[in-house]
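Read the structure below first, then the notes.
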Amino acid sequence: MFLVLVLVVVAVVVAAFGLTGHGASVLAARRARGPGAGPPLHALAAFAGAAALAVYAWGLLHVTGAVMESGGGASSAPAPPCRTPGHEERALHVVDQSVSFLPLGFVCETTGGDYTSDDVPGYVNPVTAVLALVAVASAVGAGYASEPRARAAAAGDRAPDAGEGTV
């Protein structure tokens, strides 16, 4: 599981850098930017998506640390991330642990139900969700803002030439 988490962290970080570069290239392309809100909203969607991925990667690093800590050896049962101060009696009933990707967390499975450890900072899941929603809303807004220009360009391409069709 550790290697899978490391691979996912690397993929998320690469995607975040890719979205940042895409957003910067959209803002830098002055010729493509017409009058309207389409390109700035497109760039905002890319930057918000990159920020959401960066915060999610930060949480994944915490989960990866929890998985490393519970890897086995002496004092590994119950898993150290499942031993939260003030809830020692809960840790006595831990039978397994797993990783939850949405919402992000290290899950301690007990005989009476599951609970999430405190390894992932509390702000990671809400901030990731808000930034992802901003990215989606901005992308939809960019599509709507760019639609009239795209329709005008398509209509201009289909206009027949003045000399076409004459003998």
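Here's a check for you: in segment 47-70, which residue that is among the β-branched types (Val, Ile, Thr) and farther than 18 Å from residue 131 by Cβ is farthest from the chain's Cα centre (by Cα)?
67
Contact list please: Cβ distance under 7 Å, first residue in segment 110-137 and within 25 Å of residue 78 (Cα to Cα), second residue open to solvent by less than 40 Å² (accessible area, probe 1.4 Å) and assigned to a loop (DSSP other than H, G, I, E, B), pairs at least six apart or on different chains.
117/84; 118/84
Look through 130, 120, 99 and report the one residue that is under 13 Å from residue 52 (Cα atoms) and under 17 Å from the mean Cα position of the chain (by Cα).
130
Taking the condition of being touching a residue at least 24 places away in the same chain (Cβ under 8 Å) and open to solvent by 50 Å² or more (accessible area, probe 1.4 Å), how many residues in segment 3-23 meet it?
Residues that pass the stated criteria total 6.
Any idea which residue in segment 35-81 is modelled with the highest pLDDT, counting only those that are in a helix (DSSP H, G or I), closer than 17 Å to residue 98 by Cβ and open to solvent by 50 Å² or more (accessible area, probe 1.4 Å)?
Selected residue: 62.
If a residue has to be modelled with pLDDT under 80 and surrounded by 15 or more Cβ atoms within 10 Å (Cβ to Cβ) to count, how many in segment 114-157 make the cut?
So the count comes out to 3.
On the basis of being open to solvent by less than 40 Å² (accessible area, probe 1.4 Å), within 28 Å of residue 47 (Cα to Cα), modelled with pLDDT of 80 or more and touching a strand residue (DSSP E or B) at 6+ places or on another chain (Cβ under 7 Å), does residue 99 make the cut?
When the stated conditions are applied, residue 99 passes them.
Quick check: is even one residue across segment 82-95 closer than 17 Å to residue 120 by Cα, assigned to a helix (DSSP H, G or I) and either open to solvent by less than 10 Å² (accessible area, probe 1.4 Å) or modelled with pLDDT under 75 (or both)?
Yes, that holds for at least one residue.
The values are calculated or read from the model by the stated rules, or taken from the named source; none is laboratory data. Everything quoted here is computed from the prediction, not taken from an experiment. Glycine gets a Cβ as well: all are built from the backbone with ideal geometry, and neighbour counts include every protein chain shown. Side chains are part of the model used for accessible areas, which takes the heavy atoms of the whole protein and leaves out ligands, DNA and RNA. Shrake-Rupley method; radii C 1.70, N 1.55, O 1.52, S 1.80 Å.
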